[in-house]
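Here is the structure we will look at.
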Amino acid sequence: MPELPDILIYLEQLQTRVLDEPIQSVRLLNPFVLRSVTPPLEQAVGKKVLELRRLGKRIVLGLEDDWFLVLHLMIAGRLQWRPTTAVRAGRNGVAVFSFPSGSLLFTEAGSKKRASLHLVRGEAELQALNRGGVEVLECDLSEFRAALLCENHTLKRALTDPRLFSGIGNAYSDEILHRARLSPVALTQRVPEEAVERLFCASQAILREWVERLREETGKAFPENVTAFRPGMSVHGRFKTPCPVCGTAVQRIAHAENEANYCPRCQTGGKLLADRALSRLLKTDWPRTLEEMENRKATARGDPVGLKG
């Protein structure tokens, strides 16, 4: 799912293409993407784009007369810019917005159609879509602490909860927790004050670094190949590859469609984490520590236990 850095880059590139431009036409290619019934989507046609902003992980086009187009890409949604109004949308196209300078194509891959499009009028209706999480790049330590500690969740869940923090998802939460040297399953209300501050600093640093990195990679082009798995990441999507800090193989635990990637040496003191399904399956065969896992590998190779072969 595109997260805060990806959304900001989308917005920056849209700014140069559609700001102060009128929407000439709207083609709805998949009716299921439209989640608002009234007003009709045709009300957006002819209105200029006066502003662009982010609302959590949503992209907002502010139009004339206090109208707002709100796009939520979810997991598989993406935006493409085509410098023509004659756009071939393909099977993944869900909507096309035409402007004098080109067309914005809204796509969603896969069979699970979760991306959404709303047309609302007025700031109150727009804010009804806001999940309310604090803006990490705009808050101070006390605001961050208050959001983190207001409920007792794992750190991974807290960072990705849009009611607590705005714009952070699966990928950047992994990177933040690795930078902060904290376990994804540590409970928020048991985290010491020093670790809260470390997490705050890591959150701001990771998000700022990736905004700059993506900005540099994109240049003046419209973002292509937007993905949660990037070569420069330390742990996210890096299962079994060496941690860039200590060289230990990155591990992961999965729950439903989400996963947590972590370094057991940097983040969990050598402890291996297991999700419920894996723990139930392996029971006593699940290695509890990094040392135990390495000894089992050595035994399987025929090496003396405790020695590297």
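The table below lists the values:
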item: Helical contribution to [θ] at 222 nm, DSSP H n ≥ 4, -39,500 (n - 2.57), averaged over the chain, rounded to 500; result: -9000 deg cm²/dmol
item: Restricting the range 81-179 to GluC sites (Glu not before Pro) in coil, as DSSP defines it, with at most 11 other Cβ within 10 Å; result: Glu138
item: Cysteines without a disulfide-compatible neighbour (Cβ-Cβ under 4.7 Å), the chain; result: Cys139, Cys150, Cys201, Cys246
item: Percentage relative contact order, the range 113-240, counting C-alpha pairs under 8 Å, at least six apart; result: 23 percent
item: Computed magnitude of the charge dipole of the range 4-127 (debye, nearest 20; Cβ of K, R +1, Cβ of D, E -1); result: 680 debye
item: As computed over the range 177-225, the Cα convex hull volume per residue (Å³); result: 88 Å³
item: Modelled FRET efficiency - R0 25 Å, Thr248 with Arg198, Cβ distances, 0.05 increments; result: 0.80
item: Estimated translational D of the range 4-127 in µm²/s (Stokes, Kirkwood radius over Cα pairs; 25 °C; 0.890 mPa s); result: 171 µm²/s
item: When each of Lys112/Lys156; Lys156/Lys271; Lys240/Lys271 is checked by Cα-Cα distance, pairs over 19 Å; result: Lys112/Lys156
item: Under-5 Å amide H pairs with Phe165, H placed in peptide plane, nonlocal only; result: Val134
item: Scattering profile of the range 10-65 at q = 0.14, 0.26 Å⁻¹ [log10 I(q)/I(0), Debye over alpha-carbon scatterers]; result: -0.42, -1.23
item: Point-charge dipole on Cβ atoms (K/R +1, D/E -1) for the chain, about Cα centre, debye to 20; result: 1300 debye
item: Mean projected area in nm² (Cα convex hull; one quarter of hull surface) for the range 141-262; result: 8.1 nm²
item: Förster-model FRET efficiency, 25 Å R0, Glu217 and Lys112, C-beta, rounded to 0.05; result: 0.30
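Laboratory data are not the source of any read-out in this text; all were calculated from the coordinates shown. In this text the structure is predicted, and so the values were computed from the model without any measurement. Using ideal geometry, Cβ is built from the backbone for each residue, glycine included, and neighbour counts are taken over all protein chains shown.
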